[in-house]
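Worksheet for the structure shown next.
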Amino acid sequence: MIEPRQQIIRWLEEDEYRYQALLIAESLNLPQWMLAAGFVRNLVWDKLHALNSRPLNDIDLIYFDAEDLNPEQDKLYQDRLKAIAPHYPWSVKNQARMHLKNQDNAYHSCVDAMSYWPEKETAVAASISRAAQPQIELYSPFGCDRLFKLTVSHNPIKPKHLFEQRIMSKQWLTHYPQLMVK
């Protein structure tokens, strides 16, 4: 069996919609940028449930720029992405300031910010690096293996009620009936 990280990378490479989103996001050249959350999580759960990828509600582009914490900058980047690719539902957030909204300690990087997300399986992201050829890289503070275990796990540093609210509002257990709450 192929290692989970390599399987996810292969699936991202084979998914033209997602691969193009990675290339478009990369064109902004933002510091520590990644496409996160449902962008990767839903792909894995769709594949494991033998579903065609459902449309994404949003594509979470996260980046880390401690030099510019102005939320208007996120909107400018989002508008640029929408001008380039209006058929993608972009959502851009600088993780260097999100600790204020989430009432956490200051984050030190995008991966550190993801370590505060309410469920561990959502804390996974992909980006693309340009060497000789584009190469997909994955990031996750909790690893990628848990996505293949079909669990939704509470991150204990966040309130349990927030985790439970997200499970209900996202309707993961309905859409992905093999999921188990941990």
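The values are calculated or read from the model by the stated rules, or taken from the named source; none is laboratory data. Owing to the predicted nature of the structure, the values given are computational and were not obtained by experimental measurement. Note: ideal-geometry Cβ built from the backbone for every residue, glycine included; neighbour counts use all protein chains shown. To get the accessible areas, we keep the full protein, side chains included, count just its heavy atoms, and leave off ligands, DNA and RNA. Shrake-Rupley method; radii C 1.70, N 1.55, O 1.52, S 1.80 Å.
Structure above, values below:
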quantity	calculated
Sole exception among (1) within 25 Å of Y176 (Cα to Cα); (2) in contact (Cβ under 8 Å) with a residue 40 or more places away in the chain; (3) aliphatic (A, V, I, L, M); (4) not in a helix (DSSP H, G or I) for A50, by number	(2)
The one condition in (1) at pLDDT 95 or above; (2) more than 17 Å from the chain's Cα centre (by Cα) that K182 fails to fulfil	(1)
Residue satisfying condition, being assigned to a helix (DSSP H, G or I), aliphatic (A, V, I, L, M) and at pLDDT 95 or above, within set L35, L30, L22	L22
Filtered residues of the range 149-173 (kept if open to solvent by less than 90 Å² (accessible area, probe 1.4 Å), within 19 Å of V44 (Cβ to Cβ) and of a type in the set (K, R))	R166, K170
Complete set of residues in the range 101-148 that are modelled with pLDDT of 95 or more, open to solvent by 20 Å² or more (accessible area, probe 1.4 Å) and of a type in the set (D, E, K, R)	D112, K120, E137
Filter result for N70 (within 13 Å of the chain's Cα centre (by Cα) and open to solvent by 60 Å² or more (accessible area, probe 1.4 Å))	no
